[in-house]
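Throughout, read-outs are computed from the coordinates displayed, never taken from laboratory work. Since the structure is predicted, the reported quantities are computational estimates derived from the model, not experimental observations. Neighbour counts run over all protein chains shown; Cβ positions are idealised from the backbone, glycine included.
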Amino acid sequence: MPYNHPTLLNENDNFYPELFTRSKYNPIIVAKDLPYPAHTIFNPGATEFKNHTLLLARVENRQGFSHLAKAVSKNGVSSWVFDNSPTIFPQPDIYPEEMWGIEDPRITYMEELQKWAITYTSFSRKGPTVSLAFTNDFVEFEKKGSITSPDDKDAALFPKKFNDKYLLIHRPSSDGHKAHMWISSSTDLVSWGENQILLNARNGGWWDANKIGLSAQPMETKDGWLILYHGVKNTASGAIYRLGLALLDLENPTIVLKRSNDWVFEPEEAYEKTGDVYNVVFPCGWILNKTTEVVSMYYGGADSNVNLATAKLSELLQYMKNCPEPSEDE
């Protein structure tokens, strides 16, 4: 794909738009906030629950294994309330794919089922795989086990069916090949087929060349399904994780309408650039306030903490209107 000029908010602008604004309270959660010992907390899934913001974050212990911890806040910024012990923990005796921990949840409220679906990465001995659990109250969880083969991760469900089928975005990968975003369908949430590439990792020097993956769960808007994804660029000093946007057709999300050429968010602050993994911003969840139409994006910084950035939905959609249609030669 040929180089294009930066995607601008309007034709007369000559600057990169700052779509997301970081909270002045970042990091909003660190490991010492938890009521039990932990090394790091990061990469939270996010949803609204009983008029509160609910995060389900990845927590890594000092053995190097991860579990999921719930954090609830009235204002979505401070005064977080945590469970006194891990909310969802690995159970390798029942689910052997969870032997080396569970990571990076995405939360989707399934309208027809009237329950929340949590897709997360189970770290098996043979590689990562996507697992699924359901809940009504974020206290009791019904695990369904692994729903994909390794290596696979970065998965989330759409909240509704399309032609009587559920749709899953995920990121299978294998050694020696680029990692693209795929979309698959299922009638029972167990067996998945009709697999096809949704977004290609680009070639060459692009910020999202070679490896991309879904970040937050798909967001339904009047213009289409808004997709937030991460791209990884390998540099002489290591990898950089940045974020981009895409827009999918409302009726058929296998159709990509728009894709940003530029990244829209990158590591800039010290809490994003320095930590267990340098130069990483990694959201697993966002929430739309339907009254104010403000999007709250919750993300991990440097695999070490939890942060918040906000954007106006109208500005995100206006930005997408100025983005190109995806090219087949990307």
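For the stretch 257-298, go through all pairs of different Cα atoms, get the mean of 1/r, take its inverse, and jot down that Kirkwood value in Å.
On the way: mean 1/r = 0.0796 Å⁻¹.
Computed over the stretch 257-298, the radius equals 12.6 Å.
Run the reach check for Lys50 against lysines, Cα to Cα strictly under 22 Å, same-chain hits fewer than 8 apart removed. What comes back?
Straight-line reach from Lys50, under 22 Å: Lys70, Lys74, Lys115, Lys160, Lys290.
Need one number: nm distance between label points at Asp249 and Ser73, each 7 Å from Cα along Cα→Cβ, rounded to one decimal.
Distance between label points: 3.9 nm.
Label points 7 Å out from Cα along the Cβ direction at Asn289 and Val81: separation in nm?
Each label point is offset 7 Å from its Cα along the Cβ direction, giving 2.1 nm.
If Rh is defined by the Kirkwood formula over all Cα pairs and Rg also comes from Cα, what ratio Rg/Rh do you get for the stretch 125-193?
Rg divided by Rh gives 1.00.
Quick check: net charge around Thr108, other residues with Cβ under 13 Å of its Cβ, Lys/Arg +1 and Asp/Glu -1?
0
For Phe162 and Lys126 in the same chain, what is the full-extension length gain: residue separation times 0.36 nm, less their Cα-Cα distance, in nm?
Working: separation 36, 0.36 × 36 = 12.96 nm, distance 3.27 nm.
Extra length available between Phe162 and Lys126 comes to 9.7 nm.
Once you keep just the Cα pairs under 8 angstrom separated by 6 or more residues, what percentage relative contact order results for the chain?
With pairs under 8 Å counted, the relative contact order is 17 percent.
Which FRET efficiency value, to the nearest 0.05, do you get for Asp137 and Asp276 by plugging their Cβ-Cβ distance into 1/(1 + (r/R0)^6) with R0 = 45 Å?
Efficiency for this residue pair is about 0.90.
What does the charge add up to near Thr187, with Lys and Arg as +1, Asp and Glu as -1, over the other residues with Cβ less than 13 Å from its Cβ?
Here the count lands on -2.
Can you pull the three principal axis extents for the Cα set of the stretch 181-270, in Å, largest first?
45, 29, 25
For the stretch 26-321, restrict the atom set to alpha-carbon positions and state the Rg and Dmax in Å.
17.6, 49
Once you keep just the Cα pairs under 8 angstrom separated by 6 or more residues, what percentage relative contact order results for the stretch 17-72?
Normalised by residue count, the contact order of the stretch 17-72 is 24 percent.
Pick out which of Ile240, Ile94, Ile255 has the largest mean-square fluctuation in a Gaussian network model of the chain, springs linking Cα atoms closer than 10 Å.
Ile94
Of Leu189, Leu247, Leu214, which has the largest mean-square fluctuation in a 10 Å C-alpha GNM of the chain?
Leu189
Please give the contour-minus-distance gain from Gln91 to Ser314: 0.36 nm per residue of separation, less the Cα-Cα distance, rounded to one decimal in nm.
Value of the extension gain: 76.0 nm.
Compute the projected area of the convex hull of the Cα atoms of the stretch 139-234, averaged over all viewing directions, and report it in nm² to one decimal place.
Details: hull surface 32.1 nm².
Mean shadow area of the hull around the Cα atoms is 8.0 nm².
Where both partners of a DSSP beta bridge lie in the chain, what percent of those bridges are antiparallel, to the nearest 5?
95
Can you give me the convex hull volume of the Cα atoms of the stretch 289-330, divided per residue and expressed in Å³? Before the final figure, lay out the partial values.
On the way: hull volume 4.5 nm³, N = 42.
Hull volume over Cα atoms, normalised by residue count, gives 108 Å³.
Per-residue HN-Hα couplings for the stretch 258-273, Karplus 6.51 cos²θ - 1.76 cosθ + 1.60 at θ = phi - 60°, whole Hz, x for Gly and Pro?
Taking θ as phi minus 60°, the curve returns 9, 8, 6, 6, 9, 6, 10, 7, 8, x, 10, 8, 4, 6, 9, 9 Hz for the stretch 258-273.
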